[in-house]
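Trainee: Okay, here's the structure, questions in a sec.
The values are calculated or read from the model by the stated rules, or taken from the named source; none is laboratory data. As the structure is a computational prediction, the values presented were derived from the model and not from experiment. Here the Cβ is made from the backbone with ideal geometry for all residues, glycine too, and neighbour counts use every protein chain on show. For accessibility, only protein heavy atoms count, side chains too; no ligands or nucleic acids. Shrake-Rupley method; radii C 1.70, N 1.55, O 1.52, S 1.80 Å.
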Amino acid sequence: MLHGQQALGVEPVVVTPDDGGICAELRQQGVRVHILNYRPCLYPYWRTWRDYLLALPRMAARLVINACAVRQLTSIIKKEHVDFVHTNVGVVSIGYRAACRAGVPHIYHIREYADLDFQMYHFPSRAAFRRKLARSWSVCITADIQRHHRQDGNPRSRVIYDAVGPCIEALPPRAATEPYYLFAGRVEPAKGLLDLLRAYDVDIPLKVAGSLSSGKYLDECRKVVRERRLPVEFLGQRDDLPQLQRQALAQIVPSRFEGFGLCMPEGMRQGCLAIGRNTGGTREQFQNGVRLTGQPIGFPYDTPAELTRLLAHVASLSPAEADAMRQRALHVTNQLYTTDVSARRLHDFYTEILTSPTV
């Protein structure tokens, strides 16, 4: 996102909570980076008795840390002569508070449902977060997230899809390998792997590419694999996901509520068919495909029985049927999810905000 805006003449100043991650890369690109100690504006997770005992001290500490961060960020905004503050996630509030103090516009980039996908809850309430939204401008990564946060119909809100890469003219060649299905994502309840395993009823291997954090959920997944004798291979975290997608029969996205579902259009750009739960951003991508091409670009499902049926159906597609769908999916990703489209729409929104008489 920043690279696209730099190409269009924006000079970004980035604030992060630590010096890791992409900070070194940003500095190499000439981006000014400030490190501030701040926390999400959320209630702490309450999972164990220790979490309950420490809930109030943790919340108090967050409030103090964020109050200090707001003062520092307000100073940075004034010193850097910032025109507006773009908070790149919906669960951080210091950007909103500092923008109000400095008298500049604020943009919330809402990338999550929060409660539905990550079981996160805004402090002090969802109503308070919506009041902040009402005083801000907002970018939502799907229309469904926009509706969830009651921003649909708000003239100060826009839907701008995440970008998956530049426009590509042709799909990469597919290697002739043994067919397999692919699950790509963290092994956690929100991503729905356990639901997939319970519905899996084909002899085709399933490869699971994603971080394998130890815990009860992973143990449950492994237990289902053993008891049902499923042909499942846990690959762990991989850095060759595009190649895995390119060779897969299809990628399965069983997430219960996916904000956008970046892995699905990424797979489509590799020629990977998609089977996905008919919720959230996954559903919206399927709907966009029908709207733009008049035909399906993937296989949505609502129930475990439908998923079981689709696993057998996709495996039976003729090469011509599969290739036609792959081409339609590529067309849609080129129309909606490229870096150029996303950057231009965001830049136009910036221009609108800075020229608005309400600013």
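Trainee: Between Thr355 and His34, what is the label-to-label distance in nm when each label sits 7 Å out along the Cα-to-Cβ direction?
Mentor: Result: 2.9 nm between the two label points.
Trainee: I'd like to check one number: the per residue accessible area of region 1-89, probe 1.4 Å, reported in Å² as a whole number.
Mentor: Values: 5690 Å² over 89 residues.
The answer is 64 Å² per residue.
Trainee: Can you give the extra length, in nm with one decimal, that the chain gains between Ala175 and Ser211 once fully stretched, where that is 0.36 nm per residue apart less the Cα-Cα distance? Walk me through the numbers before you get to the answer.
Mentor: On the way: separation 36, 0.36 × 36 = 12.96 nm, distance 2.54 nm.
Here the segment from Ala175 to Ser211 would lengthen by 10.4 nm.
Trainee: Could you run the Karplus curve 6.51 cos²θ - 1.76 cosθ + 1.60 with θ = phi - 60° over region 255-270 and give me ³J(HN,Hα) per residue in whole Hz, x for Gly and Pro?
Mentor: Values per residue, Gly and Pro as x: 4, 5, 8, 9, x, 10, x, 4, 5, 6, x, 4, x, 4, 6, 9 Hz.
Trainee: Add -39500 (n - 2.57) for each DSSP H run of 4 or more in the chain, then divide by its residues: what number comes out at 222 nm, to the nearest 500 deg cm²/dmol?
Mentor: Numbers: 15 runs with 165 residues, N = 359.
Computed ellipticity for the chain at 222 nm equals -14000 deg cm²/dmol.
Trainee: Related question: Under 5 Å between amide H atoms, partner at least 5 residues away or on a different chain: which partners does Val253 have, H built in plane at 1.01 Å?
Mentor: Under 5 Å from the amide H of Val253: Ile275, Gly276, Arg277.
Trainee: Let me ask you something else. At 0.36 nm per residue, minus the direct Cα-Cα distance, what do Asn154 and Gln119 gain on full extension? Give it in nm, one decimal, please. Walk me through the intermediate numbers first.
Mentor: Working: separation 35, 0.36 × 35 = 12.60 nm, distance 2.56 nm.
Full-extension gain reported as 10.0 nm.
Trainee: Also: Of all DSSP beta bridges in the chain, what percent run antiparallel (nearest 5)?
Mentor: Working: 1 of 33 bridges.
Looking only at bridges with both residues in the chain, the antiparallel portion is about 5 percent.
Trainee: While we're looking at this one, here's another question. Considering only protein heavy atoms, what per residue accessible area in square angstrom results for region 289-359 with a 1.4 angstrom probe?
Mentor: Values: 3700 Å² over 71 residues.
Heavy-atom SASA per residue in region 289-359 reads 52 Å².
Trainee: Report the one residue of Tyr200, Ala102, Met268 whose Cα lies farthest in the direction of the positive end of the charge dipole of the chain (charges on C-beta: Lys and Arg +1, Asp and Glu -1; origin at the Cα centre).
Mentor: Of the options given, the answer is Ala102.
Trainee: Something else about it: Got a number for carbon plus sulfur as a percent of the chain's accessible area, 1.4 Å probe?
Mentor: Values: 9380 of 17670 Å².
Carbon and sulfur: 53 percent of the exposed surface of the chain.
Trainee: Separate question: Taking only C-alpha pairs under 8 Å that are 6+ residues apart, what is the relative contact order of region 1-132 in percent? Kindly include the intermediate steps, with their values, before the conclusion.
Mentor: On the way: 153 pairs, mean separation 26.4, N = 132.
Taking the mean separation of contacting Cα pairs over the length of region 1-132, I get 20 percent.
Trainee: Another question about this same structure. What is the gain in length, in nm to one decimal, between Arg256 and Val64 on full extension, counting 0.36 nm per residue of separation less the C-alpha to C-alpha distance?
Mentor: Numbers: separation 192, 0.36 × 192 = 69.12 nm, distance 3.47 nm.
65.7 nm is the gain from fully extending Arg256 to Val64.
Trainee: With a cut-off of 8 Å between alpha carbons and a minimum separation of six or more residues, what is the relative contact order of the chain in percent?
Mentor: Averaging sequence separation for qualifying contacts and normalising by length gives 15 percent for the chain.
Trainee: Quick one: Karplus J couplings for region 135-152, per residue in order, coefficients 6.51, -1.76, 1.60, θ = phi - 60°, nearest Hz, x for Gly and Pro?
Mentor: 9, 10, 9, 9, 10, 10, 7, 8, 5, 5, 5, 4, 5, 4, 9, 6, 9, 5
Trainee: Quick one: which residues, 5+ away or cross-chain, put their amide H under 5 Å from the amide H of Arg32? H built at 1.01 Å from N.
Mentor: Val14
Trainee: Taking the Cα centre of each part, how many Å lie between region 20-94 and region 208-270?
Mentor: 31 Å
Trainee: In addition: Along the Cα-to-C-beta direction of Val13, a point sits 7 Å from the Cα; which residues of region 60-89 have their amide N less than 15 Å from that point?
Mentor: Backbone N within reach: 70-87.
Trainee: Excluding ligands, DNA and RNA, what is the solvent-accessible area per residue of region 169-239 at a probe of 1.4 Å, expressed in Å²?
Mentor: Details: 4020 Å² over 71 residues.
Heavy-atom SASA per residue in region 169-239 reads 57 Å².
Trainee: When only DSSP loop residues count, what trypsin sites (Lys or Arg not before Pro) in region 82-154 have their Cβ near at most 15 other Cβ atoms within 10 Å?
Mentor: Taking region 82-154 and a limit of 15 other Cβ atoms within 10 Å, the loop trypsin sites (Lys or Arg not before Pro) found are Arg135, Arg150.
Trainee: Let me ask another. Hey, of (1) 33; (2) 37; (3) 28, which did the structure itself give for percent of Cα pairs over 34 Å apart when calculated?
Mentor: Given (1) 33; (2) 37; (3) 28, the structure-derived one carries the label (1).
Trainee: May I ask you to rank Trp49, Trp137 by accessible area, largest first, using a 1.4 Å probe over the protein chains only? Before the final figure, lay out the partial values.
Mentor: Details: Trp49 185, Trp137 15 Å².
Largest accessible area first, the residues go Trp49, Trp137.
Trainee: Next question. I'd like the distance separating the alpha-carbon centroids of region 154-196 and region 300-359, in whole Å.
Mentor: Value for the Cα centre distance between the two parts: 9 Å.
Trainee: Report the trypsin sites (Lys or Arg not before Pro) located in region 26-81 that are in a DSSP loop and have at most 15 other Cβ atoms inside 10 Å of their Cβ, or state none.
Mentor: Answer by residue number: Arg47.
Trainee: How large is ³J(HN,Hα), in whole Hz, for each residue of region 97-102 in order, when computed from phi with the Karplus curve 6.51 cos²θ - 1.76 cosθ + 1.60 and θ = phi - 60°, using x for Gly and Pro?
Mentor: 5, 5, 4, 4, 5, 7
Trainee: Which shape class applies to region 267-340: rounded if a/c is under 1.5, otherwise prolate when a/b exceeds b/c and oblate if not, where a ≥ b ≥ c are the square roots of the Cα gyration tensor eigenvalues?
Mentor: Values: a/c = 2.09, a/b = 1.30, b/c = 1.61.
Since a/c reaches 1.5 but b/c is at least a/b, the shape of region 267-340 is classed as oblate.
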